[in-house]
Amino acid sequence: MRHTISIIVENQFGVLSRVTGLFSGRGYNIESLTVAPQDDKNFSRITIVTTGDDAVVEQITKQLHKLINTLKVTDLTNEDHVERELMLVKISCNSTATRSEILQIMDIFRGKTVDVGMKSITIEVTGAEEKVNAFLDMVRPFGIKEMVRTGKVAMLRGQKPGI
Amino acid sequence: MQMTGAQIFVECLRQEKVDLFFGYPGGVLLGIYDELYNCDVKHILTRHEQGAVHAADGYARSTGRVGVCLATSGPGATNLVTGIATAYMDSVPMVVFTGQVPTSAIGNDAFQEVDIVGITRPIVKHSYLVKDVLDLARTIKEAFHIASTGRPGPVLVDIPKDVIHAKCDFVYPDTVNIAGYKPNTTGHPGQIKKVVDYVRDARRPLLYVGGGVKSADANEELRQLAHTLRIPVTETLMGLGSIDGYDDLAIGMLGMHGCYAANMAVSDCDLIICVGARFDDRVTGKLSEFAKGAKVIHFDIDPSSISKSVYAHHPVVGDIKIVLGQLLEELQKHDIEELKKGHEEWIRQVAEWKEQFPLSYQQDGDVIKPQFVLETLSKMIKGKNVFVTTEVGQHQMWAAQFIQFEHPRKFITSGGLGTMGYGFPAAIGAAFANPDAIVIDVAGDGSIQMNIQEMMIAVQHKRNVKILILNNGFLGMVRQWQQLFFDRRYSSTDIEMQPDFVKLGEAYGATGLRTNKIDEVEGILKKMLETPGPVIVDIVTAREENVMPMVPAGASVRDMILTD
Ligand SMILES: Cc1ncc(C[n+]2csc(CCOP(=O)(O)OP(=O)(O)O)c2C)c(N)n1
């Protein structure tokens, strides 16, 4: 089962490698990972998507918690949470007809054009992972030249405290 | 007052009340080594960095205090790796200092540069690279705090050469405040209460005790708990001595080479109260068969130990000494007689197993059986201030089986990592920490050659360290596996050439003794104990004796092989 784990760490060098080293050293898989500082620059938030049965994920969260520089570890999977991912995708388009078709699809997905060239168009899409995947499926037939995804970011909904 | 990094280093050791530490110098450490002239913190120069780190480990295990060692950058630092991993696996409080190339050179493949923080990341509790002298004192304070609190472990502090020479005002913080590190020491009262319910429902409870009891110095609380509720106690290799081996509730070691009674008790009990142990695979054998019918209560300081391999029906997280104290207090509110119901019957059953299948061996003929040597030694050291360390192999298991330990911390062995070459330097560390004691390293002829060079410092400092070699001419434990599982094909385990251990000891200035006669064993052990200073005893033993009983890897502990 896939799990989305949110980790607040002290913003010190070496912390990320301790976190990822814990995964690789124990043979746990990381599907996606995002990390950036918090508003308070002393802390960063890491969002990791990983797979494993309940026992494995329980171990992962406990081990993450055990790291000296981690403040909080939350498995968001079964909690009410919001999640987003950002994708930039460069799509082949040689004719005006394809271009307008692509733009139509983009509109439905509430994407944004970020660059247009003679032979390609680059679009930004954000949303839940499924939405990003769905968009990708729709434009794949045109030919995908290049793409990049951030991986998931996520946080608890509503009143629950972030830290 | 302005101080150099080197002065700060030394001052921090004094503030942490470090009386002595072990190390080996090198270029980047010259500032620190020079500073050692100006202080009363004693530095012991070992002959190998591995010796230094194991000695610091032995110092720590024998006292409960933080062990400290120091090595230079590059090869000095990498020579520590085995010792750090050993300490990590057995949760030993230790602070390891390494020198590093100057900050400006880090990352340039400079001479004697290695990323020791990176190399050791998976085997330390925490680590630091100190990039600014302003951070040095605080970092050292944190290192000692982290190493010694919560689940203890090794902490590495890497100090670049320019930081050693830079100057700043010395401020030693009074307290440590690490946002993400606040170990929970007191058990949740509700959880403590619930333990009593589990005990009330059980008729065949068992205490399964590991190194955590010793770490927390909780042996007295454990003894009280066992006796108040009348629950038999089995110990892991790391837990031996948590309860007096001569106590009527002590069963002995469980697991792969544990005794029959212990493994049967585990298989038949209806409640396991695990105290500071971690259900290592050497203990559980086949997981799905382990303690099938039992509820499991798990006391541990480290939440990640709980339900890692065996599901805990009821976890209690906290410092073992504190939580057992809480439990004892809670028990006073209950009818103890009711809680103890059925236990005497169960204790009788365990005693019957013990009697039916005791640890045994055949000492017939003239060839000395290693078990006989250790059984004899056990009787001779009863009630005396003696520490026993071991190397790794058959001799280690026989020491665990045949020496009765009355107190915790008296048995010092590499459990989690199983490090050959550990026992002798660890013995030296224990001997420095306990000058009034005798420390015996029970060794194999293979293992002892891994760190024999430290004989020099034992002689130089006149430490009361004895090496007892059970010399079977084999890498015995591996040979045993080859015999049992590889059709007696003894590939590379017959150590065809051995040094003359007596002469080797004498070359270092120690006393050397040898025998191959059964009727000389007692005499030679007596001589070993009575001769002051380092003694090396070479006892020629049976070549192909096996450690029994044995649970084959992957089998259920119920399916023990009792004799070969
Ligand atoms: C550093 C290290 N290398 C290899 C091993 C694997 N190993 C485990 S026991 C053993 C044999 C030990 O032989 P010896 O010290 O002679 O003791 P004996 O088993 O004969 O008592 C070996 C090689 C180990 N535990 N540690």
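The values are calculated or read from the model by the stated rules, or taken from the named source; none is laboratory data. Keep in mind it's a predicted model, so treat the numbers as computed, not measured. In this analysis, Cβ positions are derived from the backbone assuming ideal geometry, glycine residues included, and neighbour counts consider all displayed protein chains. The area values use the complete protein model at the heavy-atom level, side chains included, leaving out ligands, DNA and RNA. Shrake-Rupley method; radii C 1.70, N 1.55, O 1.52, S 1.80 Å.
Positive-end ranking of B:Pro552, B:Tyr181, B:Phe22 along the dipole of chain B, with charges on Cβ about the Cα centre, is headed by B:Tyr181. The contact residues of region B:283-303, meaning those that lose at least 10 Å² of 1.4 Å-probe accessible area when all protein chains sit together rather than their chain alone, are B:Asp302, B:Pro303. Local charge sum around B:Ile301 (other residues, Cβ-Cβ under 15 Å, Lys/Arg +1, Asp/Glu -1)? Net of charged neighbours comes to +3. Near the amide H of A:Leu71, within less than 5 Å, lie the amide hydrogens of A:Ile8, A:Val9, A:Glu10, all on another chain or at least 5 residues away, with H placed in the peptide plane. Put B:Ile44, B:Ile561 in order of accessible area, highest first, and with a 1.4 Å probe you get B:Ile561, B:Ile44. The 3J(HN,Hα) values that the Karplus relation (6.51, -1.76, 1.60; θ = phi - 60°) gives for region B:389-399 are, in residue order, 10, 9, 7, 10, x, 4, 4, 5, 5, 5, 4 Hz. Gly and Pro appear as x. Checking the cross-link filter: which lysines have an alpha carbon closer than 29 Å to that of A:Lys119, excluding same-chain neighbours under 8 positions apart? In chain and number order, the partners are A:Lys90, A:Lys131, A:Lys145.
Heavy-atom accessible surface of A:Ile108, to the nearest 10 Å², is about 130 Å², with a 1.4 Å probe and all protein chains retained. Can you give the accessible area of B:Lys526, probe radius 1.4 Å, in Å² rounded to 10? For B:Lys526, solvent-accessible area is about 110 Å². For region B:422-437, the Karplus equation 6.51 cos²θ - 1.76 cosθ + 1.60, evaluated at θ = phi - 60°, returns couplings of 7, x, 6, x, 5, 4, 5, x, 5, 5, 5, 6, 10, x, 8, 9 Hz by residue, with Gly and Pro reported as x. From the alpha carbon centroid of region A:1-63 to that of region B:266-308 is 28 Å.
Between rounded, prolate and oblate, where does chain B land on the alpha carbon gyration tensor, with a ≥ b ≥ c its root eigenvalues, rounded for a/c under 1.5, else prolate if a/b exceeds b/c?
oblate
Rolling a 1.4 angstrom probe over region B:228-315 with all protein chains present gives an accessible area of which 50% lies on carbon and sulfur atoms.
Just the number, please: Stokes-Einstein D of region A:44-163 in µm²/s, Kirkwood Rh from C-alpha pairs, 25 °C, 0.890 mPa s. Write out the running numbers ahead of the final one.
Numbers: Rh = 16.6 Å.
For these conditions, the coefficient is 148 µm²/s.
In summary, the lysines within cross-link reach of B:Lys321, defined as a Cα separation below 20 angstrom excluding same-chain residues under 8 places away, comprise B:Lys182, B:Lys193, B:Lys194, B:Lys214, B:Lys333, B:Lys410. The interface between chain B and chain A buries about 1400 Å² of solvent-accessible area in total (1.4 Å probe, ligands and nucleic acids excluded). The DSSP beta bridges internal to the protein assembly as shown are antiparallel in roughly 40% of cases.
Dipole magnitude for the protein assembly as shown: about 1060 debye, using +1 per Lys or Arg Cβ and -1 per Asp or Glu Cβ, origin at the Cα centre.
Looking at region B:412-514, the accessible area is 39 square angstrom per residue; that uses a 1.4 Å probe and ignores ligands, DNA and RNA.
Here region B:393-508 is assigned +1 on the Cβ of each Lys and Arg and -1 on the Cβ of each Asp and Glu. Its dipole about the Cα centre then comes out at about 180 debye. Charge tally around B:Ile561: other residues with Cβ under 15 Å, Lys/Arg +1 each, Asp/Glu -1 each, net -1.
Note on surface exposure: B:Glu289, B:Glu391 rank B:Glu289, B:Glu391 by accessible area, highest first, 1.4 Å probe.
Taking a ≥ b ≥ c as the square roots of the eigenvalues of the alpha-carbon gyration tensor, region B:85-171 is classed oblate because a/c is 1.5 or more while a/b is no larger than b/c.
Peptide A:58-71 is shielded by partner chain Cβ atoms: per residue, an average of 5 of them sit within 10 Å of its Cβ. Residues whose amide H lies under 5 Å from that of B:Val157, counting only those 5 or more places away or on a different chain, are B:Val96, B:Phe97, B:Thr98, B:Tyr128; hydrogens are built 1.01 Å from N in the peptide plane. Contact residues in region A:1-23 by the 10 Å² criterion (accessible area, 1.4 Å probe, full protein complex versus chain alone): A:Glu10, A:Phe13, A:Ser17, A:Arg18.
Over all other residues within a Cβ to Cβ distance under 14 Å of A:Thr20, the charged ones net out to +2, with Lys and Arg as +1 and Asp and Glu as -1.
Under 8 Å for C-alpha pairs, at least 6 residues apart: give me the relative contact order for chain B, rounded to a whole percent.
Relative contact order, chain B: 14 percent.
Distance from the C-alpha centroid of region B:497-559 to that of region B:150-175: 42 Å, rounded to the whole angstrom.
Across the options A:Thr51, A:Leu86, A:Leu64, the greatest Cα extent toward the positive end of the charge dipole of region A:1-122 (unit charges at beta carbon of Lys, Arg, Asp, Glu) belongs to A:Leu86. Let a ≥ b ≥ c be the square roots of the eigenvalues of the Cα gyration tensor of region B:264-352; is it rounded (a/c under 1.5), or, if not, prolate (a/b larger than b/c) or oblate? Note, shape of region B:264-352 comes out oblate. Taking the Cα centre of chain A as origin and assigning +1 to Lys and Arg Cβ atoms and -1 to Asp and Glu Cβ atoms, the resulting dipole is close to 340 debye.
Expressed as a whole percent, the accessible surface of region B:1-92 that belongs to carbon and sulfur atoms is 50, based on a 1.4 Å probe.
Between B:Val316 and B:His298, B:Phe299, B:Asp300, the built amide H atoms are under 5 Å apart, and every one of these is 5 or more places off in sequence or on another chain.
The accessible area of B:Leu470, taken with all protein chains in place and a 1.4 Å probe, comes to roughly 10 Å².
Solvent exposure of region B:4-89, expressed per residue, is 32 Å² of accessible area, with all protein chains present and a 1.4 angstrom probe.
Computed 3J(HN,Hα) for region B:511-520, one whole-Hz value per residue from the Karplus formula 6.51 cos²θ - 1.76 cosθ + 1.60 where θ = phi - 60°, is 8, x, 9, 8, 8, 10, 10, 4, 7, 9, glycine and proline marked x.
Using the Cβ-Cβ distance between B:Arg348 and B:Phe111 with R0 = 45 Å, the FRET efficiency computed as 1/(1 + (r/R0)^6) comes to roughly 0.05. Solvent-accessible area of chain A (1.4 angstrom probe, protein heavy atoms only): carbon and sulfur portion equals 53 percent.
Take every Cα pair under 8 Å whose residues are at least 6 apart in sequence, average their separation, divide by the length of region B:1-157, and the relative contact order is 24 percent. Distance between the pseudo-spin-label points of B:Thr228 and A:Thr96 (7 Å out from Cα toward the beta carbon): 8.9 nm. Of the residues in region B:173-190, those shielded by at least 40 Å² of accessible area once partner protein chains are present, compared with the chain alone at a 1.4 Å probe, are B:Ala179, B:Gly180.
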